[in-house]
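The values are calculated or read from the model by the stated rules, or taken from the named source; none is laboratory data. Keep in mind the model is a prediction, meaning the values are calculated, not measured. Neighbour counts are summed over all protein chains in view; Cβ atoms, including those assigned to glycine, are modelled from backbone coordinates with ideal geometry. Note: accessible area is taken over every heavy atom of the protein model, side chains too, but ligands, DNA and RNA are not part of it. Shrake-Rupley method; radii C 1.70, N 1.55, O 1.52, S 1.80 Å.
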Amino acid sequence: MTIVASSDADISRVSEGESSPGAMLRTARIQHNLNVEQVAKELHLDARIVTAIENDDHSALPEPIFVQGYLRSYARLVGLSADEIVSRYSAQGRPNPPPLSVIGPRRKAPMFPLPSARLTRNVILALLAGILVWLAYPFAERLVLSRGGETEVQQPGRLDLPPVFEEEPRSDASR
């Protein structure tokens, strides 16, 4: 039972005379000889919603996003411009709803807050460096003491060889 306006003259006459979307839709409905129950049945809405739309009763209507869909369907049913009806509805102070935002799941706070990974790494590296210095200290001390003694200045062109120790011959009796 889709009903469309009979001519463009009907559409222009409706849009010139009324300024609110509900009044424009009511006038177009009456011009098409429809009652509220017929429109409600065609749009699959409750008659109270259709009446609230025609009376511009925003308190009896659901959220604006749903009302915009109802207005578009109603405007197509009676042959009006759906975009014009929705823009007039939005101009009445019922702006478009804000865009939806995604909210992630809430994380539970840990019972014992852990330090950051960077801090943990730096502490471990400092401990390892300290252990390395502690283990290397005796060797470094011996090295410093051995170099700190008397040093002989060698003369150029002369090479001192270390003394040679001769082995004593072994006797056969020691076997």
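Before moving on, here are some points about what is shown:
- Count of segment 118-133 residues which are surrounded by 10 or more Cβ atoms within 10 Å (Cβ to Cβ) and either in contact with a Ser or Thr (Cβ under 9 Å, 6 or more places away or on another chain) or among the charged types (D, E, K, R) (or both): 1
- Scanning segment 51-65 for residues that are at pLDDT below 90, part of a helix (DSSP H, G or I) and open to solvent by 40 Å² or more (accessible area, probe 1.4 Å) gives H58, S59, A60, I65.
- Scanning segment 1-50 for residues that are part of a helix (DSSP H, G or I), open to solvent by 70 Å² or more (accessible area, probe 1.4 Å) and modelled with pLDDT under 55 yields D8, R13, E16.
- Residue within segment 71-84 that is of a type in the set (G, A, S), in contact (Cβ under 8 Å) with a residue 60 or more places away in the chain and closer than 30 Å to S20 by Cβ present: yes
- Complete set of residues in segment 115-162 that are outside any helix (DSSP H, G or I) and at pLDDT 75 or above: P115, S116
- Residues that are among the hydrophobic types (A, V, I, L, M, F, W, C) and crowded, with 19+ Cβ neighbours inside 10 Å, drawn from segment 66-77: V67, L71, A75, L77
- Checking Q38 against (1) more than 20 Å from S19 (Cβ to Cβ); (2) within 35 Å of the chain's Cα centre (by Cα), the condition it does not meet: (2)
- Residue pairs meeting the criteria (Cβ under 9 Å; at least 6 apart or on separate chains; first more than 13 Å from R29 (Cα to Cα), in segment 41-56; second open to solvent by 60 Å² or more (accessible area, probe 1.4 Å) and at pLDDT below 90): K41/M1; A52/S59; D56/Q92
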